[in-house]
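Undergrad: Structure incoming, see below.
The values are calculated or read from the model by the stated rules, or taken from the named source; none is laboratory data. No experiment lies behind these values; they were computed from the predicted model shown. Glycine also receives a Cβ, built like all others from the backbone with ideal geometry; neighbour counts cover every protein chain displayed. Accessible surface is based on the protein model in full, side chains and every heavy atom, while ligands, DNA and RNA are left aside. Shrake-Rupley method; radii C 1.70, N 1.55, O 1.52, S 1.80 Å.
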Amino acid sequence: MCGAAVVCALIAPALAPYPPAAQDLLSRNKAPGWHDDAGRVHLLGTDQLGRDMLSRILIGARTSLGIAMLAALVSAAAGVTAGILGGYFGGVPDLITARLVDMTLAFPTLLLAIALIAVLRPSVGSVI
């Protein structure tokens, strides 16, 4: 299932039935499976501006996938680098690395994320 979601996100422009930003104010807040006057089907309905929800979800999945991949790569690179340096040099660098990891694990992740977003300006970089 996860692999199918990744494939759908990668080929989202080909799968999206409508442009994700196209508005049709006459078709606002329609239920899933609704057919418009032209015979087009909106499988997941439309939002308050008449945009197709399926198209918006497919295109939005690309952004979410990109953020998740970049965050995983950055955290893996930082963790591996800190672990290698602490393990290689041992002694004080190892103790400092171990205490930093202990502090990170002891602090609630969600609270840390909220605090960082409050201090930094809200952006995709802040989320990563």
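Undergrad: For the full complex of protein chains and a 1.4 angstrom probe, list Met53, Met69 by accessible area with the highest value first.
TA: Met69, Met53
Undergrad: Quick one: helix 53-89 against the long Cα principal axis of the chain, what's the angle to the nearest 10°, folded into 0 to 90?
TA: 10
Undergrad: For the chain, what is the calculated [θ] at 222 nm in deg cm²/dmol (nearest 500), taking -39500 (n - 2.57) for each run of four or more DSSP H residues and dividing by its residue count?
TA: Result for the chain: -20000 deg cm²/dmol, rounded to the nearest 500.
Undergrad: Follow-up. If you take the beta carbon distance between Ala4 and Leu85 as r and set R0 to 41 Å, what does 1/(1 + (r/R0)^6) give as a FRET efficiency, to the nearest 0.05?
TA: After rounding to 0.05, the efficiency reads 0.55.
Undergrad: Continuing with this model, one more query. Which cross-chain or sequence-distant (5 or more) residues have an amide H under 5 Å from the amide H of Trp34, H modelled 1.01 Å from N in plane?
TA: Here the answer is His42, Gly45, since their amide H atoms fall under 5 Å of that of Trp34.
Undergrad: I've got another one for you. Taking all protein chains in place and a 1.4 Å probe, what share, in percent, of the accessible surface of the chain do carbon and sulfur account for?
TA: 73
Undergrad: Ok, one more. Across every pair of different alpha-carbon atoms, what Kirkwood hydrodynamic radius in Å does the chain reach?
TA: Hydrodynamic radius (Kirkwood, Cα only) of the chain equals 18.3 Å.
Undergrad: Taking all protein chains together and a probe of 1.4 Å, list Asp52, Asp37, Asp24, Asp102 from the most accessible to the least accessible.
TA: Descending accessible area places them as Asp37, Asp102, Asp24, Asp52.
Undergrad: Oh, and also: What angle do you read, to the nearest 10 degrees and between 0 and 90, between the alpha-carbon axis of helix 109-119 and the longest principal axis of the chain?
TA: Compared with the principal axis, the helix lies near 80 degrees.
Undergrad: Quick one: helix 91-106 against the long Cα principal axis of the chain, what's the angle to the nearest 10°, folded into 0 to 90?
TA: Its long axis makes an angle of about 40 degrees.
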